[in-house]
Each structure stands twice: as C-alpha cells, then as structure tokens.
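Student: Handing you this structure, nothing more for now.
The values are calculated or read from the model by the stated rules, or taken from the named source; none is laboratory data. What you are looking at is a predicted structure, and each value in this text was computed from that prediction instead of being measured. Backbone-built Cβ (ideal geometry, glycine too); neighbour counts: all protein chains shown. Keep in mind that these areas ignore ligands, DNA and RNA; they rest on the heavy atoms of the full protein, side chains included. Shrake-Rupley method; radii C 1.70, N 1.55, O 1.52, S 1.80 Å.
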Amino acid sequence: MVNIEMETCRLTDYADLESYRANLQAKKTENKVITICCGTGCLAYGASKIGQSFKDEIKNQGLEGTVSVKFTGCQGFCERGPLVVIRPENILYQRVKPEDVSRIVTETIRNDLILDDLLYTIPSTNEKVRCEEDVPFYKKQLRLVFGTNGYIDPTSLDDYIQAGGYQALNKVLSSMSPDEVVDEIKISGLRGRGGGGFATGAKWEITREAPGELKYVICNCDEGDPGAFMDRSLMEGNPHSIIEGMVIAAYAVGARQGYIYIRNEYPVALKNSEIAIKKAEEKGLLGKNILGTGFDFSIKISRGGGAFVCGESTALMASIEGRTGEPRANYIHTSEKGLWERPTLLNNVETLANIPLIINKGAEWFYGIGTGNSKGTKIFSLVGKVHNTGLIEVPMGITLREIIYEIGGGIPGGKKFKAVQTGGPSGGCLPEEKLDLSVDFDELSRAGSMMGSGAMIVMDEDNCMVDIARYFLSFLEEESCGKCVPCREGLKRMRQILDRIIEGKGQDEDIELLIDLSESLTMGALCGLGGSAGNPVLSTIRHFKDEYVAHIQEKRCPAGVCKPLIRYYIVEANCNGCSLCIKECPADAISFQGKKQPVKLDQDKCTKCGACYDICRLNAVEVK
C-alpha cells in the first residue's frame, strides 16, 4: 500500500500508480473549493492578493477544514479577470477585488447567497449568469485540453494524478509497443498545433524509423505571435499534461532525452514547469527506470531569448545548441537530422497536451471530433475588437461567426465588423464574407489565411487594412533573422512601399509590385516563417483592395487612421462650445468662440492626435 502522506515516495510500477491515485481520490471531500485564476493576466490584476485574502478570511470566520482555496492556471476569460469560481456549484465571480472577499465568504460560502454585482452580465439582454458553464463565453466551447486548468493547482502533482494524470503513460508502458503508440496517433488524425499542421503520427513515425541510437524530443514553448498566449497558459496551468505527452512521445520514437524550449519572459510557465519536472522525477514518472519499466527519459529546460524566428524548428534547435537562432535549408528534415544532427521530434505544447487524451480515450474518439482533415479541438487566443477576449478551445469546424459573435459576444460600441486576422503576424485577414467559414487547417488556407499557432485578432470599421498590413510587416521585418535575401530585403522594400502609400505618395503600380514581392518571398525564403511573411499583404490586397486604391488614387484613408491622409473638422451644427476638446487638445489648436458658439479648429496647428474626436460626446468632431 502506498503511503500518500509521503510526498517524495517513488512509484515503482503500474499498480503503485493506480493505488496511489485511488488513495488520493478516496481522500477527496465534497467541501467547497474556491478556485482563483492565477494565469499571468489575472496575476497582473492582483489575483495573488485576492487568494491570500480568501485564506485569511476563511481562517477568521473559522471555516478551515470545510472550505479550501486553490490557485489554478488560466481559466480563459481574461477580459473579466480576476476570476473566482466556487466549486462544486461552479459559481463564477468576475473582476473580483480584495474588498469583495469578506462578503463572498459571508454571503456565498456561509449562506449560499449569490452576489449579483459580481456575476457576468450578458450585454445584449442584461441577464445575470450564475454558473461558469452558462456564460456564453464558455457555452459553445469544447474544453478537452484546456478545461483542466480551472480545477487543478499546477504545482501539485497529486492534483494532476487525482484528475487521471499519467494514466495514459501507465497504459502505454504497460500494454502498448512503440509501434502501436505511433499507429494510435496516426489513426487519431492529430495535426501539429504549432503552425505547419503536419500530421503528428507521420512525424513520429519518421523519427522512429530514422537511423541512430541517440534521439531527442523537444517541446516548443516559444510563442512569439503578437496576441498569442495559448501555449504559455497551458504550460503555466497544466505542465504535467505536457510532460506526460513528452514521455509517451519519447517511448514511441525511442528517445532518452528531451528539452522544453521556453521563453525566458514567461516566468510563471518556467517556474511551474521546473516544479513539475522535479516532482515527476521524485515520483518515478520521469528520469531513470520510469515506473520500474527500465525506460529512461529526462527533460531539461532550455530558455529562449524571445526571438520570433526561434519558433521555427531549425532556428530553435540552433538556439538550444548554443548557436545563433537562425534557420537552415528546409530540405533537411529535423526528424532525421535535428538537434546536434540527431533524429529529433519537435512538437509544440498544445500538440503534446493532446497525446494523453488520445491514449486514454482512443484514436477513434479523437477522430470523431472535427472536420475531414482537421481533427480534435483548437485553442485560440481571441483578442482585439470583441466583447469577450481570452483563451477559447473549440472543435475544428466551428465557424468564425460562432467564435466572434456567440463566444466573443460581438463587436463593442455598435461598430461594424471589418476583418479577423488568423495565424499570427504571417497569417491573413479575412473579411465579413468569410464569417461563415469553417475553421480548420484547409479552409483557412484556401481563404488566404492559415491556422498558425492560434492567434485570432478581430478588427472593426475603425481599422485601416493598409495600416494593419504595414503593422504586421514591420513586426516581421524587425524579427527577421536576416540570413536570406528574400526575407531580409523583401520585407524591407515592402514596408517602404506601404509607408509611401500611407503617406499619400503611393503610385499606381504599387499594388502589383507588392504582390510580386510577396510571391517572391513565398518562393525564395529559407524558412517557413519567411515563406509566409507576405500573407498579411496578399490577404489585405485580395479582400480589401478598394482601401489600397483609395489611399493611392484618391489620397484618402477610408477608416480615418493614416494621419497624412486625414483632417479633423468641427461640425458646427453639433457643437455647443462646451470646451472639453479645448482642454484635451495638446497643441492648442482649438479656440473658444463664445458661450454656446462652435469652437474653431486651426488646421495649421492640428497634429491629428485625435484627442478632440475621442473626448467629444456630441459628434461635433469628424474625421475625413
């Protein structure tokens, strides 16, 4: 019998693990658990202080032993943080402050009363929603990979084991051959979630069959896309699921050493992954002689410096080797010659977190979710001009409209939807006509965008698509490693052309020139990141060409964003001379003309900062 009080006891075989799990589950009580979201966003809002306040209040009210407080990973609804969920009822309180803690404990914990002011309100109906699963943000999600984040303490191995953790590893080591594991992943139809969408099982098979005794498994947790934080949040909130996926992968391909490549700017993910590795080693789930089977696999953490290009496989491996993070020619497959020229399996965080699920529930179960060539679920970071921002996990095949309007709650301020950018900075911008597009690898690609790692940025009528293309191109230009000419020089020339268009100096041939340069980049760049770098330009020209034409031929920015092409005007019929704009103007360009008289704007002094437009509530300032 395993002594569950011995935190460092080592599990020596399959039966030991299951006995340990049974003891943990037997100890599980029906007491209330107050879960505090401690994802990076909620921590920035003061979640740690709120958690400590709960602990103090429970002690003060004599509730110790009947109520517990648990710090969890990111629960997804970042827009409404800090989040507190009281389980098992799943009562969700949002935007909680330390001063709310005492009344939550007194009213909700002690007396089962609901505090309406802390509940989520549906903007369109003003309906208050009590339970987490009934909030529209969560209702249409299928949280297979990400859902556990809200229930476990990421620093507790016991929490993970109690929730079924390492069951898949136990099954693999006790009853499956490496070939059977590879076949299971192939049958599931899982494709890599890191950007390329390569078939995971096929990649495992190539690595397994590659000659050489020494092989590696690498987990890519270098997530450089603007607005993307799926992998970071998974690593922060459920690191053991990734470690379990890595050990299974290592067993399948014949590796004995693994690396987690993680950005140094992810302190919580770094800390929690280090804790998880240490605890898994102490329990005999990682390291030498795992579960007494004779199988060895160790994991080291390699810290990345934050270069976008190091998300590319060969650049990432160069960085681990201590060299400059630059890609190499892509005709050399890393599955055959990767880290230190050895066969190397590289999967990202989300891909590996899917592995235990597939092993536990079966390849057929996983294959039954999603569309033709895109199986399972996908985690997206839903950000931008949308009511509900945060991390969502949805089945492949859901439409963009369902994501943006039903989960995201639509566009704030009564504004009109203009575009959604998927796939990160080298993804594409899709217009309103594509809202009913089924979201999967192939459909997004056919529409001129891509799945990428899962960033999804929503834009409204106030966004200029020429300016958006320039923004992403500038990011890529800055992050280019500069090794190949098409990427280094091509991006620079394209950004210069966009600068010229935005300054009102565009030429008729600029659109064709941008298309030619983008296509040259696609054909000639050394790595996948460079090859897809023209997508922001190509997709905005494809779907929003009229905006380019307006900038070039009419010297006009339809969205009123590009400063050289706009002017602010006072609408005298609407202005009552309240002077708010005068106080806000940093250039003293607006002058008072008398009580209840329209103010006057001096165009020569105006810096086009837009402060007058933002402060006016009378629609008395317009931009043309």
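Student: Enumerate the pairs (first residue in the range 521-548 and assigned to a loop (DSSP other than H, G, I, E, B); second residue anywhere and of a type in the set (Ser, Thr, Tyr) and open to solvent by 40 Å² or more (accessible area, probe 1.4 Å)) with beta-carbon separation below 9 Å, excluding pairs fewer than 6 apart on the same chain, so at least 6 apart or on different chains.
Tutor: Within 9 Å, the pairs are 532/522; 533/522; 534/520; 534/522.
Student: Taking into account only those residues within the range 241-279 that are modelled with pLDDT of 95 or more and assigned to a loop (DSSP other than H, G, I, E, B), which is surrounded by the fewest Cβ atoms within 10 Å (Cβ to Cβ)?
Tutor: 256
Student: Now, a different point. Return yes when residue 364 is surrounded by 24 or more Cβ atoms within 10 Å (Cβ to Cβ) and acidic (Asp, Glu) and no when it is not. Reasoning before the result, please.
Tutor: Details: surrounded by 24 or more Cβ atoms within 10 Å (Cβ to Cβ): no; acidic (Asp, Glu): yes.
Taking the combined requirement at face value, the residue does not satisfy it.
Student: Next question, about the same structure. List pairs: first residue in the range 41-53 and among the basic types (Lys, Arg), second residue open to solvent by 40 Å² or more (accessible area, probe 1.4 Å) and not in a loop (DSSP other than H, G, I, E, B) anywhere in the structure, Cβ distance under 9 angstrom, at least six positions apart or on different chains.
Tutor: Listed by first residue and then by second, the contacts come to 49/98.
Student: Another question about this same structure. So which residues in the range 120-136 are crowded, with 17+ Cβ neighbours inside 10 Å, among the aliphatic types (A, V, I, L, M) and within 25 Å of the chain's Cα centre (by Cα), if there are any at all? Walk me through it before giving the result.
Tutor: Within the range 120-136, the subset crowded, with 17+ Cβ neighbours inside 10 Å is 120, 129, 132, 135-136.
Adding the requirement that they be among the aliphatic types (A, V, I, L, M) leaves 129, 135.
The answer is 135, and nothing else.
Student: Moving to a separate point now. Can you spot a residue in the range 469-483 that is open to solvent by less than 30 Å² (accessible area, probe 1.4 Å) and free of Cβ contacts under 8 Å to residues at least 12 places away in the same chain?
Tutor: yes
Student: Same structure, new question: Tally up the residues in the range 20-47 that are among the hydroxyl-bearing types (Ser, Thr, Tyr), loosely packed, with under 15 Cβ neighbours inside 10 Å and either at positive phi or part of a helix (DSSP H, G or I) (or both), please.
Tutor: Looking only at the range 20-47, we keep the residues that are among the hydroxyl-bearing types (Ser, Thr, Tyr), and these are 20, 29, 35, 40, 45.
Of the ones still in play, those that are also loosely packed, with under 15 Cβ neighbours inside 10 Å are 29.
With either at positive phi or part of a helix (DSSP H, G or I) (or both) added as a condition, the list becomes none.
Selection size over the range 20-47: 0.
Student: For the range 524-573, what are the residues that are among the acidic types (Asp, Glu) and under 30 Å from residue 594 (Cα atoms)?
Tutor: The initial filter retains those residues of the range 524-573 that are among the acidic types (Asp, Glu), namely 546-547, 554, 572.
Within the range 524-573, just 572 meets the criteria.
Student: So how many residues does the range 391-409 have that are in a loop (DSSP other than H, G, I, E, B) and modelled with pLDDT of 95 or more?
Tutor: Total satisfying the criteria: 4.
Student: Here's another thing I want to ask about it. Among (1) within 30 Å of residue 523 (Cα to Cα); (2) in contact (Cβ under 8 Å) with a residue 40 or more places away in the chain; (3) surrounded by fewer than 24 Cβ atoms within 10 Å (Cβ to Cβ); (4) of a type in the set (A, V, I, L, M), where does residue 332 come up short?
Tutor: Evaluating residue 332 over (1) within 30 Å of residue 523 (Cα to Cα); (2) in contact (Cβ under 8 Å) with a residue 40 or more places away in the chain; (3) surrounded by fewer than 24 Cβ atoms within 10 Å (Cβ to Cβ); (4) of a type in the set (A, V, I, L, M) leaves (2) as the failure.
Student: What pairs come up if the first residue lies in the range 195-209 and is crowded, with 18+ Cβ neighbours inside 10 Å, the second is aromatic (Phe, Trp, Tyr), and their beta carbons are under 7 Å apart, counting only those six or more places apart or on different chains?
Tutor: 197/441
Here's the yes/no breakdown for (1) more than 40 Å from the chain's Cα centre (by Cα); (2) closer than 21 Å to residue 624 by Cβ; (3) among the charged types (D, E, K, R):
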{"position": "566", "(1), (2), (3)": "no, yes, no"}
{"position": "569", "(1), (2), (3)": "yes, yes, no"}
{"position": "576", "(1), (2), (3)": "yes, no, no"}
{"position": "579", "(1), (2), (3)": "yes, no, no"}
{"position": "590", "(1), (2), (3)": "yes, yes, no"}
{"position": "595", "(1), (2), (3)": "yes, no, yes"}
{"position": "598", "(1), (2), (3)": "yes, yes, no"}
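Student: Another question, then. Which of the numbered conditions does residue 353 fail, given that it passes all the others? Conditions: (1) open to solvent by less than 20 Å² (accessible area, probe 1.4 Å); (2) over 30 Å from residue 173 (Cα atoms).
Tutor: Among (1) open to solvent by less than 20 Å² (accessible area, probe 1.4 Å); (2) over 30 Å from residue 173 (Cα atoms), the lone unmet condition for residue 353 is (2).
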